[in-house]
Amino acid sequence: MDPGLILVQTFNGLVYSSILFLVSSGLTLIYGIMRVLNLAHGSLYMVGAYLGITVVLYLMSGTPLGYLLAFLAVPPLTGLLGAALERGLIRRTYEMGEEYQLLLTFGLILIFDDLVKMIWGPAYINFPDPNAFLGGFRFGEYKIPVYHILLIALGFSVFLVLWAFFSKTFTGKVMRAAAQDSEVVEAMGVDVSKIFVYSFFLGSLLSGLGGISAGPLYTASPGMGTDIIVYSFAVIVIGGMGSVPGALAGSLIVGVFRSLAIAFYPQMEIVVVFVIMALVLLVKPTGLFGAPEFERR
Amino acid sequence: MIAKLEDVVVEIKGVTVLRGVNLEVREGEAVALIGRNGAGKTTTIKTIMGLLRPKSGRVYLLDEDVTQKPAHERANMGIGYVPEGRRIIPDLTALENLEIAYGGKVPEDLLEWVLQFVPDLKRFLDRKGLYLSGGEQQMLAIARGLIRKPKLLLLDEPLEGLAPKITAIVTKTLKQIRDEGFSMLISESGIVKRLEGLATKAYGIDRGEIVYEGSLEGILSDEKARSRIWGV
């Protein structure tokens with residue numbers, strides 16, 4: 001085995017981990033914390049990528065400023081879209097049970113996929129390469145693009161911000177408390193329905209940020225949301241539902257192992273993720289960072 | 001009047017749990033609500049808190065009709081809640097649990113004020129809820145209910161599941177709170193003795209109906225209450 005290839009594939013894995021973390025930290029907020037099964041979380045990732053390409057390519061013709069603008073403007077937009085979905089549709093299913101959430105949010109996936117085809121067309125759209133202006137480094141016979149390094153930095157920065165938010169700020173603590181016992185928190189004078197909207201906003205913002213980050217790596221395509229959501233669920237099962245550090249650990253594991261599998265044994269690309277998931281479930285059913293299961297109400 | 005239920009009917013998942021409950025808590029009273037498990041005590045308290053909505057009937061708090069008000073608004077009107085099973089947030093420290101109930105950082109003098117009722121709490125303010133004993137959790141739950149100096153404190157079976165020694169301490173704490181002028185509604189699953197010297201008035205409840213209203217001592221000699229609640 002070529003050690004250079006192992007290093008490069010690990011690096012590529014970290015890039016994928018970073019994107020996976022953005023999406024799965026949002027998912028762990030919405031599913032792990034609020035117990036809302038939102039399959040359409042991946043659709044917001046897709047919408048993030050398409051809105052991104054609209055800004056970067058169609059409005060700003062691939063300039064660095066276009067990229068900057070897209071990274072600043074698109075995530076809040078997907079956040080608002082997520083909050084609107086919660087208020088308008090998903091909220092109605094809370095009293096009905098998870099099977100209704102599954103049906104509704106699966107329906108949303110189909111609608112979003114078709115809307116994307118109607119607006120942007122069914123063909124894959126390539127982003128202009130950000131490394132055209134960012135450049136890259138040589139590493140032996142391999143090239144390390146600066147954009148990839150920035151993505152890894154972005155993933156870790158978002159982790160630090162989320163960690164500080166949930167452990168240091170009052171709103172973050174209220175969100176954690178509402179996740180553990182929403183009824184008691186409501187009886188303490190907190191409008192829990194607002195906490196749900198905040199969570200959807202934040203979770204969808206992260207998913208959209210993941211989408212715009214991934215766009216230049218993998219092109220924008222209808223159905224890209226479905227691919228990421230499957231891995232994201234594996235990530236939060238491995239890391240532990242509702243845990244942001246868990247989402248980071250799960251993303252690192254899934255991203256790196258998948259990337260190494262692609263290089264050395266491509267047939268195992270998907271299997272390896274679910275073998276790891278099964279092993280974690282056998283050893284620690286609550287996931288690596290999952291809290292000991294307390295009674296949820 | 002602090003709290004009043006008027007002909008309240010509550011259904012949970014299609015099952016009628018309260019069948020026309022009338023109940024009143026006046027200023028400064030410590031009212032006991034006595035009944036067996038499943039009699040409707042928790043449902044009554046949750047209906048006052050706003051966590052359950054009546055199918056018919058009205059709920060009044062501080063002379064205002066609050067039947068349609070959500071729980072968080074009732075909490076902000078001055079209703080403190082000490083839930084059954086305590087329900088401390090396990091992942092947060094004792095102090096953080098108080099902060100959630102207060103709505104931000106608890107001022108030093110307010111913390112001192114609450115600690116005079118539950119002085120032991122001082123020892124474990126920085127410990128996570130998960131690592132507190134039953135008695136410690138109950139102290140914290142009472143402090144959490146009191147932290148905003150409520151006009152009415154709802155206590156759902158505060159003496160349940162505690163060691164006898166701790167039960168005595170909690171009862172003493174509650175008396176102290178009553179003597180400060182706080183109005184309370186306390187549910188108890190049948191051991192009337194535990195509330196002696198604390199409750200100024202009692203209701204007996206069975207199968208969602210009020211079967212007794214009067215003094216605490218009187219419930220033991222009242223024939224209807226005895227046969228409905230204790231089957232003797």
Evaluated at 20 °C with a viscosity of 1.002 mPa s, what Stokes-Einstein diffusion coefficient in µm²/s does segment A:42-99 have when Rh comes from the Kirkwood expression over alpha-carbon pairs? 169
Residue-averaged [θ]222 nm for chain A, counting only DSSP H segments that reach four residues, each worth -39500 (n - 2.57): -23500 deg cm²/dmol
Amide H of B:Gly20: which non-local residues (sequence gap of 5 or more, or other chain) have their own amide H closer than 5 Å, using H built in the peptide plane? B:Val8, B:Val9, B:Val10
To the nearest Å, what is the center-to-center distance of segment A:108-126 and segment B:155-232, using C-alpha atoms only? 64
Under the 0.36 nm per residue contour assumption, what length would be gained going from the current alpha-carbon distance of B:Asp63 and B:Glu223 to full extension? 54.3 nm
Taking θ as phi - 60°, what are the ³J(HN,Hα) couplings along segment A:124-140 by the Karplus curve (6.51, -1.76, 1.60), each to the nearest whole Hz, with x for Gly and Pro? 5, 10, 8, 6, x, 5, x, 6, 4, 10, 8, x, x, 10, 8, 9, x
Can you classify segment B:158-218 as rounded, prolate or oblate using the Cα gyration tensor, where a ≥ b ≥ c are the square roots of its eigenvalues, rounded means a/c under 1.5, and otherwise it's prolate if a/b beats b/c and oblate if not? oblate
Sequence-distant or interchain residues sharing an amide H contact under 5 Å with B:Met184, placed H: which? B:Glu29, B:Ala30, B:Val31, B:Leu153
Which cross-chain or sequence-distant (5 or more) residues have an amide H under 5 Å from the amide H of A:Gly62, H modelled 1.01 Å from N in plane? A:Leu57
Antiparallel bridge percentage (DSSP; both residues within the protein assembly as shown; nearest 5): 60
Apply the Karplus curve 6.51 cos²θ - 1.76 cosθ + 1.60, θ = phi - 60°, to the phi angles in segment B:220-226 and return the couplings in whole Hz, x for Gly and Pro. 6, 9, 6, 5, 4, 4, 4
Extension gain, B:Lys13 back to B:Glu112 (0.36 nm per residue minus Cα-Cα distance, nm): 31.3 nm
Sorting A:Ser251, B:Ser56 on the 10 Å Cβ count, fewest up front, what's the list? B:Ser56, A:Ser251
Report, in debye and to the nearest 20, how large the dipole of chain A comes out about its Cα centre when Lys and Arg carry +1 and Asp and Glu carry -1 on their Cβ. 460
Which ³J(HN,Hα) values in Hz, rounded to whole numbers, follow from the phi angles of segment A:272-280 under the Karplus curve 6.51 cos²θ - 1.76 cosθ + 1.60, where θ = phi - 60° and Gly and Pro get x? 4, 4, 7, 5, 4, 4, 5, 4, 4
Run lengths n ≥ 4 of DSSP H only: what is the helix-derived mean residue ellipticity at 222 nm for chain B, with -39500 (n - 2.57) per run over all residues, to the nearest 500? -8500 deg cm²/dmol
As a quick test, which of the pairs B:Lys13/B:Lys41; B:Lys41/B:Lys122; A:Lys173/B:Lys165; B:Lys105/B:Lys149; B:Lys41/B:Lys175; B:Lys165/B:Lys193 have an alpha carbon distance above 26 angstrom in this structure? B:Lys41/B:Lys122; A:Lys173/B:Lys165
Which residue, A:Val36, A:Val230, A:Val74, has the most motion in a Gaussian network model of chain A that connects Cα atoms within less than 10 Å? A:Val230
Residues A:Thr169 and A:Ile111, FRET efficiency given R0 of 25 Å [Cβ-Cβ distance, rounded to 0.05]: 0.10
Cα Rg, Dmax (largest Cα-Cα span) when computed across chain B, Å: 17.1, 51
Compute the distance from the alpha-carbon center of segment B:1-65 to that of segment A:1-71, in whole Å. 50
Which residue, A:Val116, A:Val190, A:Val254, tops the fluctuation ranking in a GNM of chain A built on C-alpha contacts under 10 Å? A:Val190
Which whole-number percent of Cα pairs in segment A:104-197 have a distance greater than 22 Å? 64
Could you give the alpha-carbon Rg of chain A over 2.2 N^0.38 Å, rounded to two decimals? 0.99
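Each value in this text was obtained by applying a stated rule to the coordinates, not by laboratory testing. Please read all numbers here as calculations on a predicted model, not as lab measurements. Note that each Cβ is placed from the backbone with ideal geometry, even for glycine, and that neighbours are counted across all protein chains shown.
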